[in-house]
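Just so it is clear, none of the values below were taken in a lab; they were calculated from the coordinates. As the structure is a computational prediction, the values presented were derived from the model and not from experiment. Note that we place each Cβ from the backbone using ideal geometry, even for glycine, and neighbour counts take in every protein chain shown.
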Amino acid sequence: MVSHNIYLWTGNGAGKTTSALGTALRAVGHRQKVVIVQFMKGRKTIGEYKIMQKLKPYYSIYQFGKKEFIRPITKPSLHDKELAQKGIEFARKIAKTKPNLLILDEINLAAAIGLVKIDDVIDLINHCSKHSIVYLTGRWAPKKLRDAADFVNEINLLKSPRKYPVRKGIEW
């Protein structure tokens, strides 16, 4: 296992993906190569996808999910599992290109609900270059992933209004 290169963000609060995107922005600012592999996401209208053309050649993002959410979350379909497996295979290939930052967005949740095998995720991060920083995001991070990470951050929701609008540019 490579030391001090695996960051894991989990918890029931908002900001896990946002934190990873902030790190991506910093890396791009230093002309470092950033690759984001999103699991369980397939909407091309989200800000982090739409900005890709402006941040090339340092930033790329790939999605392995449907446009709609998995419902119920604990019962993903065979198609959801196939998309996630393609994401794992793609991430293995892209890791060989040695990006400075590899973000596996929602991989924790994908592992927790059985879209991908936890051991496949651990194998993937263990085979990343010692020059690559890897970010794992998503709620319900399995213990084996938390144990494999060098840094584990938990974002907890302490307060939230009952109803609030989902805002373009903030939540998506």
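Taking neighbour counts of Cβ atoms within 10 Å as a proxy for exposure, in what order, fewest first, do Leu124, Leu104 appear?
Exposure proxy ranking, most exposed first: Leu124, Leu104.
Taking segment 1-90, which trypsin sites (Lys or Arg not before Pro) meet the DSSP loop condition and have no more than 15 other C-beta atoms within 10 Å?
Listed in order of number, the matching sites are Arg31, Arg43, Lys44, Lys66, Lys67.
Just want to confirm a number: the relative contact order over the chain, from Cα pairs under 8 angstrom separated by 6+ residues, in percent.
Normalised by residue count, the contact order of the chain is 37 percent.
Counting GluC sites (Glu not before Pro) as exposed when in a DSSP loop with at most 16 other beta carbons within 10 Å, what is the longest stretch of the chain free of them?
69-170
Using a Förster distance of 45 Å, how high is the FRET efficiency between Ser19 and Gln85, based on the Cβ-Cβ distance and rounded to 0.05?
Calculated value: 0.95.
Positive end of the charge dipole of the chain (Lys, Arg +1 and Asp, Glu -1 on Cβ, about the Cα centre): tell me which of His131, Leu115, Pro57 has its Cα farthest that way.
Towards the positive end, the residue furthest out is Pro57.
Just subtract the alpha-carbon distance of Ser160 and Ser129 from 0.36 nm times their residue separation and send over the number in nm, one decimal.
Full extension from Ser160 to Ser129 adds 7.2 nm.
Excluding residues fewer than 8 places away in the same chain, name every one of the lysines whose C-alpha is closer than 27 Å to that of Lys81.
Partners within reach: Lys16, Lys41, Lys44, Lys50, Lys66, Lys67, Lys93, Lys96, Lys98, Lys117, Lys143, Lys144.
Using a Cα-Cα cut-off of under 13 Å, which aspartates and glutamates could be cross-linked to Lys56, ignoring same-chain neighbours fewer than 8 residues away?
Glu48
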